[in-house]
């Protein structure tokens with residue numbers, strides 16, 4: 001009984017983590033149609049900002065979490081205005097590859113800045129909610145329970161923002177028809193910049209949560225980035241709804257493979273799914289052909 | 001219209017032609033100038049070996065997954081270089097470090113870095129904490145006949161030396177054979193049982209390892225030794241070469257059929273720290289063996305005293321915090337060194353002794369010959385190459401040389417338990433054991 005409970009809890013934890021890690025990336029693709037490869041490093045930065053505030057300055061999560069989110073927002077703003085934006089205007093035909101390479105370069109620079117400032121050694125920050133709880137006979141950490149709740153919460157927030165606020169509607173308008181949005185007076189460049197900033201915020205938040213759950217290293221953002229790409233492809237590039245559903249599908253497949261097949265096979269199984277999706281449904285679950 | 005187009009096209013061609021001719025004239029002119037200048041220049045006395053410094057190549061993975069170890073290794077080497085230079089150098093020659101980044105230690109990168117160090121930087125000696133995991137750099141140093149000491153991937157190196165006897169005369173490993181890792185812990189558990197210091201709840205053990213040569217070599221060897229001793233393996237789980245994000249699936253297996261011994265050779269600070277944290281939430285009455293990580297300062301900092309009672313074995317003698325070297329390192333860099341921050345310091349002195357024995361730092365053949373004569377006490381232990389190791393390229397391990405003791409961790413300090421000649425304290429049942437016994441005991 002407790003093993004199946006653990007597998008289910010684990011499925012929820014992984015799904016939630018994948019959702020938080022990939023929502024920002026999805027949003028950016030949905031609006032700008034570019035792949036921001038520095039997304040993983042924004043997670044790393046979010047985690048290190050929290051580490052810097054909590055472990056080095058003696059602060060707490062009430063300061064660290066908003067700080068990481070705000071700093072990530074401004075970093076995203078800078079990223080758009082200095083890298084993605086100029087690349088968008090200079091080349092109309094190869095935007096995706098140019099932005100991909102540009103943001104890849106940014107991620108290498110950001111990783112090395114972390115290495116220079118904090119060194120290569122692993123770092124740990126205290127968990128947000130310490131302790132363990134017993135769920136149907138299975139020991140689950142409170143941090144995991146928090147993660148389980150935060151995934152849907154982030155999704156709900158993003159959905160609310162996109163459907164109920166004027167700014168969110170502007171983002172959707174630009175995502176649907178850039179020219180049409182311009183005709184009704186929406187400045188698409190501002191919307192793009194804002195979207196990248198919001199995506200970076202989500203990456204920063206994911207980084208803080210991952211940092212509190214695991215441990216920090218300059219490379220900590222690369223594994224979540226790869227999973228986020230899986231989620232993006234399975235959910236349908238740019239679909240927020242698809243991202244959430246894909247996160248839960250991948251999370252549960254991952255968790256049950258680990259429990260019932262073996263940890264070694266969890267990743268290859270995900271890769272097989274990835275290949276099958278590309279072959280038979282390249283647009284993903286909710287993407288448009 | 002057509003005429004205009006042709007004319008424009010013609011104009012462009014002319015511009016290009018003029019530019020190409022101008023470039024040829026300029027390059028040719030520079031070539032002629034340099035040639036004449038060289039001919040007429042009075043011959044400058046070439047720098048002789050008596051005048052030059054010893055260039056020490058230090059390729060390390062500063063920007064990859066081994067970055068933390070690379071930093072420590074570099075800083076340790078620089079500390080030794082500073083000391084040696086301050087004391088007058090080696091046979092009057094100062095050491096000049098030439099540092100290069102091997103990134104993730106991938107074969108292509110390592111090969112190009114080594115080639116650059118040898119052909120462009122003209123280094124006289126190369127040393128590193130890690131080369132390439134498949135030892136791709138061996139052929140390069142051998143081809144150019146540059147003495148080389150590496151501190152990592154010993155299990156692969158042993159295979160390479162065994163398969164190519166006498167081929168890599170310029171390559172040395174600053175480590176003993178890792179075969180002792182395979183036997184130490186099973187032997188120690190048996191000794192504890194024989195001495196009546198430990199009564200296992202059953203004769204079961206489990207193995208956790210990852211797709212990495214080091215981890216596999218030690219885990220598989222240890223597993224086979226336990227099996228030979230009549231133990232039963234409850235599971236032998238392999239993980240991919242990645243950070244483990246959650247241990248629930250493994251801990252569920254452990255709690256479903258608690259083994260007396262848990263062997264975890266993942267050898268990753270974050271994965272092992274998470275394992276310990278999740279294991280201690282609901283512990284079983286098991287002894288926990290972790291490979292290598294308890295010796296790393298970042299592990300000690302992260303887990304603190306929650307690691308009390310964890311067992312491990314490491315190919316190094318105990319280095320106390322009051323050791324003069326540790327004090328020096330901490331004073332200079334503001335942190336404690338990892339084990340690679342110890343051995344790499346020793347490697348520079350190893351090179352010094354070999355060069356002094358050879359009598360000429362630039363006679364590489366003699367330096368290499370002198371390596372086999374070395375008997376040097378270092379921070380890690382006593383350095384002596386073992387003629388019985390594959391091709392005589394590995395250090396003597398065990399005994400009083402590099403002792404490979406069993407350690408138990410208490411309050412972030414590792415205490416030596418065995419062999420008896422180096423033991424400083426007795427084995428103590430880990431603090432989680434009683435709690436585990438109440439819930440999971442027989």
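Quick grid of which residues meet (1) more than 21 Å from the chain's Cα centre (by Cα); (2) over 30 Å from residue B:414 (Cα atoms):
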site: B:308; (1), (2): yes, no
site: B:315; (1), (2): no, no
site: B:329; (1), (2): no, no
site: B:339; (1), (2): no, no
site: B:343; (1), (2): no, no
site: B:351; (1), (2): no, no
site: B:356; (1), (2): yes, yes
site: B:361; (1), (2): yes, yes
site: B:370; (1), (2): yes, yes
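When you scan the range B:204-312 for helices (runs of 4 or more DSSP H) that lie fully inside it, which ones turn up with 2 or more residues that are touching a helix residue (DSSP H, G or I) at 6+ places or on another chain (Cβ under 7 Å) and surrounded by fewer than 23 Cβ atoms within 10 Å (Cβ to Cβ)? Spell out the reasoning first.
Details: elements: B:213-228, B:248-256, B:269-280, B:297-303.
Result: B:213-228, B:248-256, B:269-280.
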| field | Hits in the range A:17-60 - residues which are outside any helix (DSSP H, G or I) and out of contact with any helix residue (DSSP H, G or I) (no Cβ under 6 Å at 6 or more places or on another chain) | value | A:33, A:57, A:58, A:60
| query | Across the range A:159-216, which residue is nearest to residue A:89 (Cα to Cα) among those that are away from every other protein chain (no Cβ under 14 Å) and not in a helix (DSSP H, G or I)? | reply | A:187
| message | For the condition more than 14 Å from every other protein chain (Cβ to nearest Cβ) and assigned to a helix (DSSP H, G or I), what is the one hit in A:4, A:78? | response | A:78
| field | Residue that is more than 11 Å from chain B (Cβ to nearest Cβ) and either touching a strand residue (DSSP E or B) at 6+ places or on another chain (Cβ under 7 Å) or buried (at least 17 other Cβ atoms within 10 Å of the Cβ) (or both), where the choices are A:115, A:110, A:104 | value | A:110
| query | Is it the case that the range B:307-324 has a residue that's under 26 Å from residue A:258 (Cβ atoms), within 14 Å of chain A (Cβ to nearest Cβ) and in contact (Cβ under 8 Å) with a residue 60 or more places away in the chain? | reply | yes
| Boolean, residue B:145 is within 24 Å of residue B:353 (Cβ to Cβ), out of contact with any strand residue (DSSP E or B) (no Cβ under 8 Å at 6 or more places or on another chain) and surrounded by fewer than 17 Cβ atoms within 10 Å (Cβ to Cβ) | yes
| message | Just to be sure before I move on: is residue A:239 away from chain B (no Cβ under 11 Å) and either free of Cβ contacts under 8 Å to residues at least 40 places away in the same chain or closer than 15 Å to residue A:23 by Cα (or both) in the structure I sent? | response | yes
| remark: Heads up, the strands (runs of 3 or more DSSP E) in the range B:102-196 (entirely inside) with at least 3 residues that are in contact (Cβ under 8 Å) with a residue 40 or more places away in the chain are B:125-128, B:171-173
| query | Would the range B:31-46 turn up any residue that is within 14 Å of chain A (Cβ to nearest Cβ) and either surrounded by 10 or more Cβ atoms within 10 Å (Cβ to Cβ) or at pLDDT 80 or above (or both)? | reply | no
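For the range B:60-69, check the following and say yes or no: at least one residue is closer than 23 Å to residue A:122 by Cβ and part of a strand (DSSP E or B).
yes
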| message | Being modelled with pLDDT of 90 or more, under 17 Å from residue A:14 (Cβ atoms) and within 13 Å of chain B (Cβ to nearest Cβ): is that true of residue A:262 here? | response | yes
| task | Can you work out which of the residues in the range B:70-92 that are part of a helix (DSSP H, G or I), more than 14 Å from the chain's Cα centre (by Cα) and without any contact (Cβ under 8 Å) to a residue 60 or more places away in the chain is farthest from residue B:110 (Cα to Cα)? | result | B:86
| Candidate set: the range B:402-425, residues that are loosely packed, with under 14 Cβ neighbours inside 10 Å and in contact with a strand residue (DSSP E or B) (Cβ under 7 Å, 6 or more places away or on another chain); chosen: the one modelled with the lowest pLDDT | B:424
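The values are calculated or read from the model by the stated rules, or taken from the named source; none is laboratory data. No experiment lies behind these values; they were computed from the predicted model shown. As a convention, Cβ positions derive from the backbone with ideal geometry for all residues, glycine included, and neighbour counts pool all protein chains shown.
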